[in-house]
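A short write-up of the structure that comes next.
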There are 2 protein chains.
Amino acid sequence: MNTICGHSIEDYMALVERFHGHPAPGLLAGGFMVDLAKKNLPDGEFFDALCETKVCLPDAIQILTPCTVGNGWLKIVDTGRFALALFEKYTGEGVRVHLDAGRLGPYPEYESWFFRRRPKREQDRDRLMREIAEAGAGVMGVNRVRVDAGLVGKNSGGKTEPCPGCGEAYPVETGARCGACAGLPLYARP
Amino acid sequence: MNTICGHSIEDYMALVERFHGHPAPGLLAGGFMVDLAKKNLPDGEFFDALCETKVCLPDAIQILTPCTVGNGWLKIVDTGRFALALFEKYTGEGVRVHLDAGRLGPYPEYESWFFRRRPKREQDRDRLMREIAEAGAGVMGVNRVRVDAGLVGKNSGGKTEPCPGCGEAYPVETGARCGACAGLPLYARP
């Protein structure tokens, strides 16, 4: 019987519904990924997380580990790959887990979902969830990695000052103006 | 008595500790910001969220609204400003709330924390939390905004294919290779 970080699949999916809003297939697959990564770390290690996509997977990490976007222990670098790493927070040593599409052959609905081959309305949802649960960590690849030094350790943030453009405080080390005054598109001009 | 989205401050800070790991000052300030933004939206409106910083504030949004990073209803564009917007998910019409440092004069500990003028160990933590709770939404600025069209609506994701570099699936619309093979620094080379 597959479990996810000590939860039954049902209990885990209830946590998913509460936080993520709906029982998404990506959260079920992601749960097995977090579980596998944790099993490959030394017990009790204090780890940070790196997520390679913004879609679904960050929520599996936020539900199952102490790492969140807002506390800085979860960093997202969007490579577009469905992969995550858990790593020791000072050395960057850790494990990376990815969904290995080459192993999805025995799970046609899972494979079709992963490659987005069919619109959502044509998916067989029950079968998809059953296949993901059945496959569990068996379709995940796991490797030891050392996370790039730029992603290891806390960004202390540094001094903030009012931006000369808008007057709102921002961390001065990021440039002469805040990101909005430097041109990031945020709000439509009136 | 200040409340935060219907919670007493104590109850809200218990939710914060559970999700964020510790009762951070930024989460208390952020709670008042989310509360104020929600009060300025039409009742029952189905909204998305935009957060202008990765520090603390995304977790206040993830605790108090249905919007999370993984479900795509919370987008983060890091301008460095302590600000958020809640907006109607199709039109982008909504409200932006920011912490208005010009109003922090009566709250010296709050002001010193916000501008990071003293190292954490020199902060008077109890006084800081008391000042943030006392100030509540009174130090927040609120404006109507229309969020940039590029940030409105769901990114459907598009087709994924194996990356010719690493073989892992990624959304082909993002380029000829996945972000990692395109050069994003993630893992140290052996």
Matching residues in the stretch B:1-47 - criterion: being in a helix (DSSP H, G or I) and open to solvent by 20 Å² or more (accessible area, probe 1.4 Å): B:Ile9, B:Glu10, B:Asp11, B:Met13, B:Ala14, B:Leu15, B:Glu17, B:Arg18, B:Phe19, B:Leu36, B:Lys38, B:Lys39
Would you mind telling me which numbered condition in (1) assigned to a helix (DSSP H, G or I); (2) outside the structural domain of B:Ala14 (by TED's automatic domain parsing); (3) at pLDDT 95 or above B:Ile63 fails? (2)
Top-ranked residue in the stretch B:126-149 [being basic (Lys, Arg) and either in contact (Cβ under 8 Å) with a residue 60 or more places away in the chain or in a strand (DSSP E or B) (or both); ranked as surrounded by the most Cβ atoms within 10 Å (Cβ to Cβ)]: B:Arg146
Tally up the residues in the stretch A:132-155 that are of a type in the set (A, V, I, L, M, F, W, C), facing another protein chain (nearest Cβ under 8 Å) and closer than 30 Å to A:Asn2 by Cα, please. 2
Please go through the stretch A:31-51 and give me each residue that is without any contact (Cβ under 8 Å) to a residue 40 or more places away in the chain and under 16 Å from the mean Cα position of the chain (by Cα), ordered by number. A:Gly31, A:Ala49, A:Cys51
Flagged pairs (Cβ under 6 angstrom, 6 or more apart or on separate chains; first in the stretch B:52-66, in contact (Cβ under 8 Å) with a residue 60 or more places away in the chain; second part of a loop (DSSP other than H, G, I, E, B)) are B:Leu64/B:Cys5
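Can A:Gly158 be described as part of a helix (DSSP H, G or I), out of contact with any Ser or Thr (no Cβ under 6 Å at 6 or more places or on another chain), at the interface with chain B (Cβ under 8 Å from one of its Cβ atoms) and not hydrophobic (A, V, I, L, M, F, W, C)? Full working, then the answer.
Details: part of a helix (DSSP H, G or I): no; out of contact with any Ser or Thr (no Cβ under 6 Å at 6 or more places or on another chain): yes; at the interface with chain B (Cβ under 8 Å from one of its Cβ atoms): yes; not hydrophobic (A, V, I, L, M, F, W, C): yes.
No.
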Enumeration of residues in the stretch A:103-119 that are modelled with pLDDT of 95 or more, open to solvent by 20 Å² or more (accessible area, probe 1.4 Å) and either farther than 24 Å from B:Gly175 by Cβ or out of contact with any helix residue (DSSP H, G or I) (no Cβ under 9 Å at 6 or more places or on another chain) (or both): A:Arg103, A:Gly105, A:Pro106, A:Tyr107, A:Pro108
Between B:Leu50, B:Leu86, which is touching a strand residue (DSSP E or B) at 6+ places or on another chain (Cβ under 6 Å), assigned to a strand (DSSP E or B), under 28 Å from A:Lys75 (Cα atoms) and more than 12 Å from every other protein chain (Cβ to nearest Cβ)? B:Leu86
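The values are calculated or read from the model by the stated rules, or taken from the named source; none is laboratory data. Treat the numbers as computed from the prediction; the structure is a model and nothing was measured. Heads up, the Cβs are rebuilt from the backbone with ideal geometry, glycines too, and the neighbour counts pull from every protein chain shown. In case anyone asks, the SASA skips ligands and DNA or RNA and just uses the protein heavy atoms, side chains included. Shrake-Rupley method; radii C 1.70, N 1.55, O 1.52, S 1.80 Å.
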